Amino acid sequence: MRQEDAPDDGVLAARALASGEDAGRDDACRLLLGRHRDAVYRFVRAQIDDADAALDLTQESFIAAFAHMARYDSARPFRFWIMRIALNKCRDWRRRRAVRHFFTRARPMEEGLAVADSAPGPDAEVAGRQALRAARRAIDALPEGLRSVLLLRTIEGMAQGDVATLLGISEKAVETRLYRARAKLNEMLAQDPA
């Protein structure tokens with residue numbers, strides 16, 4: 001079945017949940033994955049800025065979604081549901097990374113001296129890459145609530161109402177958080193331009 005001829009997400013979700021026909025369930029899951037995989041990957045990649053981990057988290061998001069398809073409310077867009085799962089996976093990943101970082105820093109100093117700096121030298125960096133890195137650091141430094149709204153509105157291009165629905169907040173809160181995120185981002189970039 002071609003993507004254009006496929007039924008809407010609610011129908012596909014119902015087929016994916018059906019316990020009878022395995023082929024139909026697999027096709028429904030495959031179509032849902034095909035429709036939403038790229039958007040979920042872009043969102044996850046923007047959240048964590050690690051391409052390999054983003055692929056893993058995208059896969060984990062779909063595995064979790066298909067394993068818990070009974071929890072999906074077909075009255076709401078599937079994209080919102082899978083993005084919410086992906087957002088939670090990103091939050092879990094960040095928490096685990098913080099714990100790993102803590103334990104890495106707790107190691108003896110002698111071990112740290114043997115680790116080579118893998119960052120490229122300043123002469124090897126192009127001005128555009130420096131600006132991109134500064135922007136990435138600034139986005140990562142934003143509080144979770146501001147970062148999520150900023151990424152969903154600017155990277156994913158989601159409408160304000162859709163972001164509000166996805167995050168469970170009002171449209172006015174989305175507007176306010178977006179304004180604050182942009183202001184804070186501009187402030188941080190002005191202090192550390194590269």
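A few notes on this one:
- Summed over the range 83-109, residues that are aromatic (Phe, Trp, Tyr) and either over 20 Å from the mean Cα position of the chain (by Cα) or surrounded by fewer than 16 Cβ atoms within 10 Å (Cβ to Cβ) (or both) total 2.
- Yes/no for ARG45 being modelled with pLDDT of 90 or more, surrounded by 12 or more Cβ atoms within 10 Å (Cβ to Cβ) and farther than 18 Å from ASP8 by Cβ: yes
- Considering residues of the range 58-82 that are surrounded by 14 or more Cβ atoms within 10 Å (Cβ to Cβ) and outside any helix (DSSP H, G or I) only, the residue modelled with the lowest pLDDT: SER74
- Extreme residue, modelled with the highest pLDDT, among residues of the range 83-117 that are among the acidic types (Asp, Glu) and assigned to a helix (DSSP H, G or I): ASP92
- Residue satisfying condition, being farther than 28 Å from ALA164 by Cβ, modelled with pLDDT of 90 or more and not assigned by TED's automatic domain parsing to the domain that holds SER148, within set ASP5, ASP52: ASP52
The values are calculated or read from the model by the stated rules, or taken from the named source; none is laboratory data. Just so we're clear, the structure is a prediction, and the values are computed from it rather than from any experiment. Neighbour counts run over all protein chains shown; Cβ positions are idealised from the backbone, glycine included.
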